[in-house]
Amino acid sequence: MLNWSKSLFIFFSIALVFNKNAFAQLLVKNKTAIVFATEKDSNRKLSQLSDTLYFKAQAQVLESEVAIFLDSSKTFQEMVGIGAAITDASAESFAKMSLKTQKKLANDFFDQTTGIGYSLIRTNMNSCDFSSASYTYIKEGDADLKTFSIKPDLQFKIPLIKIAFATAENNIKLFASPWSPPAFMKSNNDMLHGGKLLPKYYQSWANYYVKFINAYENEGVPVWGLSIQNEPMATQRWESCIYTATEERDFLKNYLGPTISNANLASKKIIVWDHNRDLIFQRANVIFEDKEAAKYAWGIGFHWYETWAGGTQMFDNVTLVKDTYPDKQLIFTEGCKETFNAEKYTNWSIGEYYANAMIKDFNSGVAAWTDWNIFLDEKGGPNHVGNFCFAPVHLNTKTDEVIYTNAFYYLGHFSKFIRPGAKRIACSTSRSNIQATAFKNTDGKICVVVLNQSENSQQLILQLNAESIQLQVAAHAIYSVII
């Protein structure tokens, strides 16, 4: 009798262990999701919702239901990074804050765990409008670049960039853009108000990029890439320089490309255009159709300011470039929503504008996305020509206060959860009032960013292959669903 009881106990013990293992395997196979939300008129700002969602089998969605459909087997571009520009204005403002606030800012922007994990930085080569004054790295007239020095960047900008790299544990990339060559190299003998690079200085200017890269890297700041010229079709009252498409093509083909390559810097990514979506296809067509020029170009950059001339953002032009030149990369290099006005700190539409643009750009094939100034002071500067602008975060340099607008959190829904190396997967929505994009990270987790700009809360189904979850998205809200 005792032996029979012992045998029965062993049998049930083995069965229980087997069932536990089977149940554990079932849990591993079942997909779950957690959701992070930012909602208007709510305390939720990149806040994790409490419940874990469990996917269930669902082969068919009814026509009356609102749905987002995902297919992780269909992949597209690989994410390079998401971030913002560290200009002189940003760095000078940062330096005026207390050490405690500086540390918090660095963590909030560049730490993936405690912050939004920016992984991409743009900076200015020579001065731009968001500098306290115009400057270059050489003495005026020094075409041989014998006086080249990045001393203007060593006081504020490079220290902040180094903090960003350290906080991000070096999981971050830096690219630089010039607003203007030195005045003597230009047709108008002025860094401001447009003008053109004089052909006799093409080689000297190409050498300038090499000097810049080497100088930064000698300071321990690796340079991932560069754009040829910021906004090459805009004559501005600040630093600017004009290139037609053929002029930019020929400068790249005959001077900058070979010079970068001969300096053993061929791994640096060269970005053409760096202006608005309106003329992006024409610029791509002229440069990329020339094989000798195209071989030096990693991709094409663009801004969103075509809307300032009237109309809406021209996403179809970006899609056309990607469809026509699939081997070239697309990078959003700059976007600022508003001129500065402190009353706009609570304007919810600004964050929604960012998110709408990012979703549509990513779905058009964009591999990297860079906001304009990462933060600015309480006046929207400093700026040496009075071109004060809005930023997602403003620093009151007098009171040490930091103002986080909703745009900061909206940007974070992408940068925190869509990491470098992630690949975009197929994602579609069944209603136009819901926008969405989805990426699969290198750790296997999928991030779906869902935007609801409407006045109404929306019940929807999120379906991945033949399994789905139910999701209630609040009015004027953005959600990141991590699967």
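The values are calculated or read from the model by the stated rules, or taken from the named source; none is laboratory data. Here the structure is a predicted model, which means the values were calculated and not measured. Note: ideal-geometry Cβ built from the backbone for every residue, glycine included; neighbour counts use all protein chains shown.
Among the listed residues Ser454, Ser432, Ser480, which satisfies the condition of being among the hydroxyl-bearing types (Ser, Thr, Tyr) and outside any loop (DSSP other than H, G, I, E, B)?
Ser480
Residues are listed down the side, and each one gets a yes or a no for (1) loosely packed, with under 15 Cβ neighbours inside 10 Å; (2) in the same structural domain as Ser127 (by TED's automatic domain parsing):
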position	(1), (2)
Asp51	yes, no
Ala57	yes, no
Glu63	yes, no
Ala67	no, no
Ser72	no, no
Ala84	no, yes
Asp88	no, yes
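Would you say Thr370 is outside the structural domain of His275 (by TED's automatic domain parsing) and either part of a strand (DSSP E or B) or hydroxyl-bearing (Ser, Thr, Tyr) (or both)?
Answer is no for this residue.
Restricting to the stretch 137-168, what's the tally of residues that are under 27 Å from the mean Cα position of the chain (by Cα) and either assigned to a loop (DSSP other than H, G, I, E, B) or not small (Gly, Ala, Ser) (or both)?
Adding up the residues that qualify gives 16.
If you go through the stretch 169-187 one residue at a time, how many are out of contact with any Cys (no Cβ under 9 Å at 6 or more places or on another chain), assigned to a loop (DSSP other than H, G, I, E, B) and within 30 Å of Tyr201 (Cβ to Cβ)?
So the count comes out to 2.
With the condition kept exactly as written, say whether any residue in the stretch 265-284 is part of a loop (DSSP other than H, G, I, E, B), of a type outside the set (Gly, Ala, Ser) and free of Cβ contacts under 8 Å to residues at least 12 places away in the same chain.
no
Just to be sure, is Phe332 part of a helix (DSSP H, G or I), at pLDDT 95 or above and among the aromatic types (Phe, Trp, Tyr)?
no
What is the number of the single condition among (1) exposed (fewer than 15 other Cβ atoms within 10 Å of the Cβ); (2) farther than 22 Å from Trp179 by Cβ that Val318 does not meet?
The single condition Val318 does not satisfy is (1).
Within the stretch 339-352, take every residue that is touching a Gly at 6+ places or on another chain (Cβ under 9 Å) and under 21 Å from Glu306 (Cα atoms) and give me the one that is surrounded by the most Cβ atoms within 10 Å (Cβ to Cβ).
For the stretch 339-352, the residue satisfying everything is Phe340.
Of Thr442, Thr437, which residue is free of Cβ contacts under 8 Å to residues at least 60 places away in the same chain, closer than 26 Å to Leu120 by Cβ, β-branched (Val, Ile, Thr) and assigned by TED's automatic domain parsing to the domain that holds Leu70?
Thr442
Taking the options Ala466, Ala438, name whichever one is over 30 Å from Phe94 (Cα atoms), out of contact with any Ser or Thr (no Cβ under 6 Å at 6 or more places or on another chain) and modelled with pLDDT under 95.
Answer to the selection: Ala466.
Given the condition surrounded by fewer than 20 Cβ atoms within 10 Å (Cβ to Cβ), farther than 29 Å from Glu247 by Cα, in the same structural domain as Tyr243 (by TED's automatic domain parsing) and out of contact with any Asp or Glu (no Cβ under 6 Å at 6 or more places or on another chain), answer yes or no: does some residue in the stretch 189-202 qualify?
So far as the stretch 189-202 goes, no, none of its residues is surrounded by fewer than 20 Cβ atoms within 10 Å (Cβ to Cβ), farther than 29 Å from Glu247 by Cα, in the same structural domain as Tyr243 (by TED's automatic domain parsing) and out of contact with any Asp or Glu (no Cβ under 6 Å at 6 or more places or on another chain).
If only one of Asn207, Asn254 is crowded, with 17+ Cβ neighbours inside 10 Å and either part of a helix (DSSP H, G or I) or of a type in the set (Val, Ile, Thr) (or both), which one is it?
Asn207
Which residues, taken from the stretch 316-345, are β-branched (Val, Ile, Thr), closer than 24 Å to Thr87 by Cα and over 18 Å from the mean Cα position of the chain (by Cα)?
Thr339
Hey, could you check the stretch 28-40 for residues that are modelled with pLDDT under 95 and surrounded by 10 or more Cβ atoms within 10 Å (Cβ to Cβ) and say which is farthest from Asn452 (Cα to Cα)?
Asn30
Go through (1) touching a strand residue (DSSP E or B) at 6+ places or on another chain (Cβ under 8 Å); (2) surrounded by fewer than 24 Cβ atoms within 10 Å (Cβ to Cβ); (3) aromatic (Phe, Trp, Tyr) and name the single condition Phe375 misses.
(2)
Yes/no matrix, rows are residues, columns are (1) within 24 Å of the chain's Cα centre (by Cα); (2) among the polar types (S, T, N, Q); (3) crowded, with 20+ Cβ neighbours inside 10 Å:
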position: Arg424; (1), (2), (3): yes, no, yes
position: Thr429; (1), (2), (3): yes, yes, no
position: Gln435; (1), (2), (3): yes, yes, yes
position: Thr442; (1), (2), (3): yes, yes, no
position: Ile461; (1), (2), (3): no, no, no
position: Tyr479; (1), (2), (3): yes, no, yes
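One residue is enough: does the stretch 389-412 have a residue meeting the conditions of a type in the set (S, T, N, Q), crowded, with 24+ Cβ neighbours inside 10 Å and in contact (Cβ under 8 Å) with a residue 24 or more places away in the chain?
yes
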